[in-house]
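Novice: Before I ask anything, let me first share the structure, which is written out below as structure tokens.
The values are calculated or read from the model by the stated rules, or taken from the named source; none is laboratory data. Only a predicted model underlies this, so the values are computations on that prediction, with no experimental measurement involved. Note that each Cβ is placed from the backbone with ideal geometry, even for glycine, and that neighbours are counted across all protein chains shown. Each accessible area value is taken on the protein alone, full model and side chains, heavy atoms only, with ligands, DNA and RNA left out. Shrake-Rupley method; radii C 1.70, N 1.55, O 1.52, S 1.80 Å.
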Amino acid sequence: MKGRGQRTKVGFAVTAFCVVAFAQLQKSENAAVQLEFASVIQRMEQAQRNAKPQGPYQVIRQYQLLESNSSHVSSNVVAEIEYSPPDRETYVIQERRGSSRGEQVVRQILDHESALVAGGPASWSAALLTRDNYSFTNLGESTLDGKSFYLLGLVPKRKEKELIAGRAWVDKNTFLIRRIEGEMAKSPSWLLKRVSVRLDFSEVSGVWLQSAMEATADVRLVGSQTLQAQTLDCRKADVVAARIDPKHAQTIHRGVPAELLFPAAK
């Protein structure tokens, strides 16, 4: 009986040791994961700063406004947008077909950017994916267009129109943001009960910018409205044939080449 009791004690001791060892291993692995995640956030922030264009360039972008609960395009707008970093943008509406509502929405988008960046870097940086603006959660990895990305959860630290509650796909090699998807942390107007957005980014003619956007707003008394945007072309300064005619252009001050807002309906 004595020997049996000793074997039982030894068994308990071994089991306890294994439990402690496993807990320490788990703690060590969790610490490593947290350290790697913190590194991803830091490198993503740096990549955003490095990707900011240094020279002027021109973008041709198409906007389409879809009717409520329908895939029918009610308005098609093509805008030519010329950027002169760090703080100047001009644009002209090249073409508009269909309802005038589409052009009104596009002009609201471009005009709103002026207010966003008029206050300087402290103003437009409030829309970036940084630890000043967001709490990030580690959602693991996700595949997009056949490629694996880091997947981050976005929790805005403030209820502001420039911030999005949702997810972000971050390139594993460049740490550039490939996609942002979610809901605006604050509606731009009481007319909009909810605004869902998806922003896609890619390199176009050597410039990392917003290549596509889709924003769906639940508009009171009207229903669902969807605005889609796609970058058709990007030209650097050395291939831009002519400057925008100042008689028809509106000057906009901005620091980032991406619309993060869906304007209020009027």
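Novice: With viscosity set to 0.890 mPa s and temperature to 25 °C, compute the Stokes-Einstein D of the range 77-214, Rh being the Kirkwood radius across alpha carbon pairs; µm²/s, no decimals.
Specialist: So the translational diffusion coefficient is about 147 µm²/s.
Novice: Which aspartates and glutamates does LYS193 reach when only Cα atoms under 12 Å apart count, and residues fewer than 8 places away in its own chain are ignored?
Specialist: Reachable aspartates and glutamates: GLU183, ASP218.
Novice: Let me ask something else about it. With θ taken as phi - 60° and the coefficients 6.51, -1.76 and 1.60, list the Karplus ³J(HN,Hα) couplings across the range 125-135 in order, rounded to whole Hz; mark glycine and proline as x.
Specialist: 5, 5, 9, 7, 8, 9, 5, 6, 9, 9, 9
Novice: Next up: Compute the distance in nm between two label points, each set 7 Å from the Cα along the Cα-to-Cβ direction, one at SER123 and one at ARG167.
Specialist: Placing both labels 7 Å beyond Cα along the Cβ direction yields 3.4 nm.
Novice: Determine the per residue accessible area of the range 82-181 with all protein chains present and a 1.4 angstrom probe, expressed in square angstrom.
Specialist: 47 Å²
Novice: Now for a separate question. Pairs of Cα atoms under 8 Å, at least six residues apart: use those to get the relative contact order of the range 89-180, whole percent.
Specialist: 16 percent
Novice: Now for a different question. Non-local amide H neighbours of GLU89 (under 5 Å, H modeled in plane, Pro and chain starts lacking H): which ones?
Specialist: Here SER84, ILE252, HIS253, ARG254 satisfy the definition.
Novice: Accessible area of the range 38-156 with a 1.4 Å probe: how many percent of it is carbon plus sulfur?
Specialist: That fraction is 47 percent.
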